[in-house]
Amino acid sequence: QVQLVESGGGLVQAGGSLRLSCAASGSSFSILYLGWYRQAPGKQRELVASITTGGSTNYGNSVKGRFTISRDNARNTVYLQMNSLKPEDTAVYYCAASLRRPTADLDYHYWGQGTQVTVSS
């Protein structure tokens, strides 16, 4: 069983930055496939970014060039650096993990409780 705990959300003005962190426990961190998803009110959960065990990354189209996902295997933590934030980035952000490579959207076994990010205009 993998436990995920997100932190770093909050209120920020448009154009600002935030860094989300997700600490994992219960498994060898280096073998986890990791992702960040978000869900705004009334919308489906969508992929923000993902990172493989080897460090390869993938981003949702709406955040490319603004967000960066990274992992620190020594700290058992995955990060999401969010720059140039826009009001439409407002959502609950979820950390996700899987012990095998996800083969479809949302194909992660473990999810955190989420952290709220609010971007004011």
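Quick notes on this one:
- Every listed requirement among (1) under 12 Å from the mean Cα position of the chain (by Cα); (2) closer than 12 Å to L18 by Cβ; (3) of a type in the set (G, A, S) is met by S70 save one, (2).
- Any chance L47 is closer than 13 Å to C22 by Cβ and assigned to a strand (DSSP E or B): no
- Checked against the criterion of being hydroxyl-bearing (S, T, Y), assigned to a loop (DSSP other than H, G, I, E, B), farther than 23 Å from G10 by Cα and open to solvent by 70 Å² or more (accessible area, probe 1.4 Å), the candidates T103, T53 yield just one match: T103.
Every residue, every condition in (1) in contact with a Phe, Trp or Tyr (Cβ under 8 Å, 6 or more places away or on another chain); (2) within 15 Å of H109 (Cβ to Cβ); (3) loosely packed, with under 14 Cβ neighbours inside 10 Å, yes or no:
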residue: G15; (1), (2), (3): no, no, yes
residue: G26; (1), (2), (3): no, yes, yes
residue: F29; (1), (2), (3): no, yes, no
residue: L32; (1), (2), (3): no, yes, no
residue: G35; (1), (2), (3): yes, yes, no
residue: Q39; (1), (2), (3): yes, no, no
residue: E46; (1), (2), (3): yes, no, no
residue: S70; (1), (2), (3): yes, no, no
residue: N73; (1), (2), (3): yes, no, no
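- Going through (1) polar (S, T, N, Q); (2) on the phi > 0 side of the Ramachandran plot; (3) modelled with pLDDT under 95 one by one, N76 falls short only on (3).
- Condition check for S62: more than 19 Å from V5 (Cα to Cα) and small (G, A, S): yes
- Selection of the range 60-74 for residues being in a loop (DSSP other than H, G, I, E, B) and either touching a Cys at 6+ places or on another chain (Cβ under 6 Å) or free of Cβ contacts under 8 Å to residues at least 24 places away in the same chain (or both) yields G60, N61, K64, G65, R66, A74.
The values are calculated or read from the model by the stated rules, or taken from the named source; none is laboratory data. Every value quoted in this text rests on a predicted model; they were computed, and no experiment measured them. Glycine gets a Cβ as well: all are built from the backbone with ideal geometry, and neighbour counts include every protein chain shown. Heavy atoms of the whole protein, side chains included, go into the accessibility calculation; ligands, DNA and RNA do not. Shrake-Rupley method; radii C 1.70, N 1.55, O 1.52, S 1.80 Å.
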